[in-house]
Amino acid sequence: MLNSDSNIFRIAGFDLSDDTPPLFFAEIGAFFGQDVNLARSMIEQILDARNQVPQQPLLLKTEVLHDPEICLPGDTMETYASKNGLVKEENYRALIERKSLPLDKYAELFEMCTLAGLPFITSVYDLAGADLAAECGAVALKIASSNIIHVPLIRHCARKGVPIILDTGRATLAEVDNAITIATEAGCEKMVIQHSPDGHPALPRAHNLKTLETYQHAFGLPVGLSDHHVGLEMMYMAIAMGASVIEKGVHVAPDDLDIDISHTMHMSDLVVVMRSIFDCWSALGLSFRDMQKPIEGVLGTSQRQCLVANSDINAGDKISLENVRFAFPCRGISVEHWNLVEGEVLRRPVSAGRPVQWGDIEL
């Protein structure tokens, strides 16, 4: 996250900055296929989770996949896996056909979100999908990683007056820079650069989360993570590395064997995950400890030590490690002042076991 005023902007009323929690995108993608009732149920469950954790910003993330002609017919195959390692191949065109939903059905789902006050963002794959999403009130448009080089689509989305989420996928820095330039020249300056790891699901060693820092330094824009891991820990690491946006798939059947399902989490875990995201962000705190701020929670006993007479010390004796030991709590001269008092003469006797006070020493 960046604190520069020029880079702070809002999505759905939420600031993207160090001073605010990261935005969590609960992604339902096209997991529901053509089952609109399932999509409605998933949206309702996301709404319920949001109401339970109001302090954590939550947005719905879906996509507009409405035209099978976006994929040419042929023998191209898509391979995907389940969480337990089962692998399946499917004709890519057939997959797109069974996932496509007419634009008017997407409009119904977006209206449901609007009426419920649930902000939504959408991945779009063509100009018509971008038009519908913008018309229905999408608070941001996402360019999927495969479209990072799609000049007409990026330019079209950039003219819609909403922020753009650029998913970089396996793009080079030059390709990311070019996409940013295209969007900026078309009028969009509010962008999030979203890193996504290699693989569906992605192994831990394939995440390269340091890329988030590279994007921050290279482009001076907020960054985010599109989480493709089977677990949850990568999200929390990304927060520690400055992610302003965290996207994670949520599904009612995350164990299914279907495209992109293997790296989703169960819908029932959403409340706990949102609380954890907020707690991780809260834990980042300040870049230095505020010593004037009262400690919250249980205050333990101070473990700092003081000087204590190890044996009876007479007036005129010098303070040394021979006649002084150290103990807590600090009820006398603190050990931090040892360099000041070592070798100094006692002006009055100190009995064994009693803390040495400043008034006991000739200074």
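For the pairs LYS83/LYS105; LYS83/LYS248; LYS61/LYS88; LYS99/LYS190; LYS160/LYS190; LYS61/LYS99, flag any whose C-alpha to C-alpha distance is greater than 22 Å. From the list (LYS83/LYS105; LYS83/LYS248; LYS61/LYS88; LYS99/LYS190; LYS160/LYS190; LYS61/LYS99), the Cα-Cα distance tops 22 Å for LYS83/LYS105; LYS61/LYS88; LYS99/LYS190. Within the stretch 281-363, the chymotrypsin sites (Phe, Trp or Tyr not before Pro) that combine a DSSP coil assignment with at most 10 other C-beta atoms in a 10 angstrom radius are PHE288.
Once the Cα-Cα distance is subtracted from the 0.36 nm per residue extended length, the ASN208 to ASP317 segment shows a gain of 32.9 nm. Using Cβ point charges alone (K and R +1, D and E -1), the dipole size of the stretch 218-363 about the Cα centre works out to roughly 940 debye.
For the stretch 83-240, the per residue solvent-accessible surface stands at 43 Å², with DNA, RNA and ligands left out and a 1.4 Å probe. For the chain, the mean residue ellipticity at 222 nm estimated from helices alone is -8500 deg cm²/dmol, where every DSSP H run of n ≥ 4 contributes -39500 (n - 2.57) and the total is divided by all residues, rounded to the nearest 500. Along the stretch 202-207 the Karplus relation, 6.51 cos²θ - 1.76 cosθ + 1.60 evaluated at θ = phi - 60°, assigns HN-Hα couplings of 9, 6, x, 5, 9, 7 Hz to successive residues, with x for each Gly and Pro. Per-residue 3J(HN,Hα) values for the stretch 184-190, derived from phi via the Karplus relation 6.51 cos²θ - 1.76 cosθ + 1.60 with θ = phi - 60°, read 5, 5, 8, x, 9, 10, 9 Hz in sequence order (x marks Gly and Pro). In order along the stretch 30-46, the Karplus-derived 3J(HN,Hα) couplings, from 6.51 cos²θ - 1.76 cosθ + 1.60 at θ = phi - 60°, round to 10, 4, 7, x, 10, 8, 5, 5, 5, 4, 4, 4, 5, 5, 4, 5, 5 Hz, and Gly and Pro are given as x.
If the segment from GLU108 to ASN91 were pulled out straight at 0.36 nm per residue, it would be longer than the present Cα-Cα gap by 3.2 nm.
You can think of it this way: the chain between ASP177 and SER287 has 36.6 nm of extra reach, that is 0.36 nm per residue less the Cα-Cα gap. A Förster radius of 25 Å, combined with the Cβ-Cβ distance separating HIS266 from GLN52, puts the computed FRET efficiency at roughly 0.95. The trypsin sites (Lys or Arg not before Pro) of the stretch 142-230 that DSSP puts in a loop, and whose beta carbon has at most 15 other beta carbons within 10 Å, are ARG159, ARG170, LYS210. No disulfide-compatible partner, judged by a Cβ distance under 4.7 Å, exists for the following cysteines of the chain: CYS71, CYS113, CYS136, CYS157, CYS188, CYS280.
Averaging Cα coordinates gives a centre for the stretch 55-126 and one for the stretch 14-48; these two points are 13 Å apart. Values (1) 24.3; (2) 18.2; (3) 21.8 are given for comparison; mean projected area of the Cα convex hull in nm², derived from the coordinates here, is the one labelled (1).
The values are calculated or read from the model by the stated rules, or taken from the named source; none is laboratory data. As the structure is a prediction and not an experimental result, all values here were calculated from the model. Glycine also receives a Cβ, built like all others from the backbone with ideal geometry; neighbour counts cover every protein chain displayed. Heads up: the accessible areas ignore ligands, DNA and RNA and are worked out on the full protein's heavy atoms, side chains in. Shrake-Rupley method; radii C 1.70, N 1.55, O 1.52, S 1.80 Å.
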